[in-house]
Amino acid sequence: MAVDLGGTNFRVCSIKLNGDSTFNLAYSKVAIPKELMVAKKASDLFAFLAREIKHFLQQHHGDHFEQHSRRRMTSSSPDGYKDEHVFRMGFTFSFPVQQIGINKGYLIRWTKGFDIPDAIGKDVCALLQEEIDKLHLPVKVAALVNDTVGTLMARSYTSPGKTGAILGAIFGTGTNGAYVEKLSKLKKPLAGEYDNSTGEMVINTEWGSFDNQLNVLPNTKWDDALDKSSVNPGVQMYEKRVSGMFLGEILRLVLVDLIKDPKISLFRDENSNSNDWHSTTTIAQNSGIYRQWGLDTSIMSVAAADNTPELSILRQELETVLQIYAPSLEDAQAFKAIANAIGRRAARLSAVAIAAIVLHSGKLSDPAYKDEPIDIGVDGSLVEHYPYFRDMIFEALRAVEGIGEEGAKRIRIGIAKDGSGVGAALIALIAAGMESKSAAATAATGKKTNSQFIEELRSEARSKDIPMFTIKREDSEKAETTTDE
Ligand code: ADP
Ligand code: MG
């Protein structure tokens, strides 16, 4: 089982191995209520998450839930009664934590509009387990997973080829990436217990805070305005130029400036004759355009996708979503051009982080990768839905010194759909295995390379008849695959 607390949505999923060479994914998603993102107490948010887990279990695992929640009533923690009846849950928590164990990590800071000071410095697994226990759910938080790590994991299973993905990256509400690093290259002292048998470790870069000093990042007055009125001014400066939560707001700030400018007639007609729809443009007073965060990035995808001569789809969307009525063709063209500039800048900046990891990995000149693609798993609504986002990333990768045309051809960027959730469920499985294995047995496995490790995990899955390539969604008619190749 896995839960995924992103910046916008909370997802709950469970994966069932069918034994007939498929596995089913039951899945639910709710928007996180805005007021809980800035709640007074951590328990306000975490109690909401526990309630959602309960609803999910009732809906998708009714029998198991009834039977075992009754038994759980009699014990205060999931360790207190027969263990195999407890769902092992991977907890994808997409905020910076100091992780000191497989299911233990202290929150460093909130990002993406969240601000609950009470939670800072606390173990987020314990916060969730506490609320789960209050509801007597048969669930144990078995693994704490960053969404980037989940994506890396899911992609390594599903991407074709011998080697796993080298990078898992998120372009959703926020942006971040995790990659595989040699232990010998780590300079930081490591706290807590970890398995060093592969000689490698996954590093969560928290690249959202790259160049907070703005030494190299582009900066406009709108970037400045956005940052100043955010809940975390001065940090996550890279993220604020790249990810879904922010692109719409940058666009909104630019548009408001243009609307206010008397010399420019954006969304304003002299009279109805100057508008090709023969109606005067009006903006409703309660339009999102006048509200902070009132313009969702998804309309930028609509703008980018609309190639009709009259931009009729975008103009319809401006009416229904932003209550801007009868926008002229010129208005829509301006909207599209500005949105595209912001989207393209975001994609090109995304390429900077990806290129840095590719170059740092040395894989472009590694003989082991001679005939293997350099595989990157990505997840998040922005990269999934914004038209040509990956094409624009590649356009920029080709321009990076050390990558170029040839290097870019060898890089494969694939969507790991809901990778953060699926990966967390896989990690929860491994965590459950670790619980049962004795320390001695683990030590006896000796040193493994990353690709040996991946091959071992895959063959274990194969021996259990689990294809890692097909995921059937219970809530959709047709089978979906997690890869898009
Ligand atoms: P989370 O970050 O919570 O895991 P998502 O990956 O779904 O969630 O990302 C949500 C973000 O993606 C929001 O900021 C939203 O504005 C943006 N978004 C949602 N749909 C689209 C779309 N069609 N095009 C571009 N951005 C989108
Ligand atoms: Mg996410």
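The values are calculated or read from the model by the stated rules, or taken from the named source; none is laboratory data. Computed from a predicted model, the values in this text were never measured in an experiment. When we count neighbours, we look across all protein chains shown, and the Cβ atoms used for this are built from the backbone with ideal geometry, even at glycine. Accessible surface is based on the protein model in full, side chains and every heavy atom, while ligands, DNA and RNA are left aside. Shrake-Rupley method; radii C 1.70, N 1.55, O 1.52, S 1.80 Å.
Looking only at the stretch 335-358, decide whether some residue is more than 28 Å from the chain's Cα centre (by Cα) and buried (at least 16 other Cβ atoms within 10 Å of the Cβ).
Filtering the stretch 335-358 for residues more than 28 Å from the chain's Cα centre (by Cα) gives none.
The answer is no, given that none of the residues of the stretch 335-358 is more than 28 Å from the chain's Cα centre (by Cα) and buried (at least 16 other Cβ atoms within 10 Å of the Cβ).
Which one of the conditions (1) over 30 Å from the mean Cα position of the chain (by Cα); (2) within 19 Å of ARG241 (Cα to Cα); (3) not hydrophobic (A, V, I, L, M, F, W, C) does THR297 fail to meet, given that it meets all the rest? For THR297, the exception is condition (1).
In the condition set (1) within 22 Å of ALA425 (Cβ to Cβ); (2) out of contact with any Asp or Glu (no Cβ under 7 Å at 6 or more places or on another chain); (3) surrounded by 23 or more Cβ atoms within 10 Å (Cβ to Cβ); (4) charged (D, E, K, R), LYS112 is compliant with all but (1).
If you check GLU384, GLU395, which single one turns out to be assigned to a helix (DSSP H, G or I), farther than 17 Å from VAL180 by Cβ and more than 16 Å from ligand 2 (Cβ to nearest atom)? Spell out how you get there, then give the answer.
Values: GLU384 fails: more than 16 Å from ligand 2 (Cβ to nearest atom).
It is GLU395.
Taking the conditions exactly as written (open to solvent by less than 50 Å² (accessible area, probe 1.4 Å) and either closer than 30 Å to ILE250 by Cβ or among the small types (Gly, Ala, Ser) (or both)), does SER209 satisfy them or not? In short, yes.
Return yes or no: is SER381 open to solvent by less than 70 Å² (accessible area, probe 1.4 Å), polar (S, T, N, Q) and at pLDDT 80 or above? Yes, satisfied.
In the list THR198, THR280, which residue meets the criterion of being within 17 Å of TYR325 (Cβ to Cβ), modelled with pLDDT under 95 and more than 16 Å from ligand 1 (Cβ to nearest atom)?
Details: THR198 fails: within 17 Å of TYR325 (Cβ to Cβ).
Criteria check complete, one pass: THR280.
Would you say GLY244 is within 20 Å of SER298 (Cβ to Cβ) and in contact with a strand residue (DSSP E or B) (Cβ under 8 Å, 6 or more places away or on another chain)? Please lay out each step first, then the result.
On the way: within 20 Å of SER298 (Cβ to Cβ): yes; in contact with a strand residue (DSSP E or B) (Cβ under 8 Å, 6 or more places away or on another chain): yes.
Spelling it out, GLY244 is indeed within 20 Å of SER298 (Cβ to Cβ) and in contact with a strand residue (DSSP E or B) (Cβ under 8 Å, 6 or more places away or on another chain).
Among the residues of the stretch 230-255, those that are within 16 Å of ARG291 (Cβ to Cβ) and either polar (S, T, N, Q) or free of Cβ contacts under 8 Å to residues at least 60 places away in the same chain (or both) comprise SER230, PHE246, GLY248, GLU249, ARG252, LEU253. Scanning the stretch 237-258 for residues that are touching a Leu at 6+ places or on another chain (Cβ under 7 Å), more than 16 Å from ASN219 (Cβ to Cβ) and open to solvent by 10 Å² or more (accessible area, probe 1.4 Å) yields GLY244, ARG252, LEU258.
Please work out if GLN99 is over 22 Å from ASP418 (Cα atoms), under 20 Å from the mean Cα position of the chain (by Cα) and not in a loop (DSSP other than H, G, I, E, B). Walk me through it before giving the result.
Working: over 22 Å from ASP418 (Cα atoms): yes; under 20 Å from the mean Cα position of the chain (by Cα): yes; not in a loop (DSSP other than H, G, I, E, B): yes.
In short, yes.
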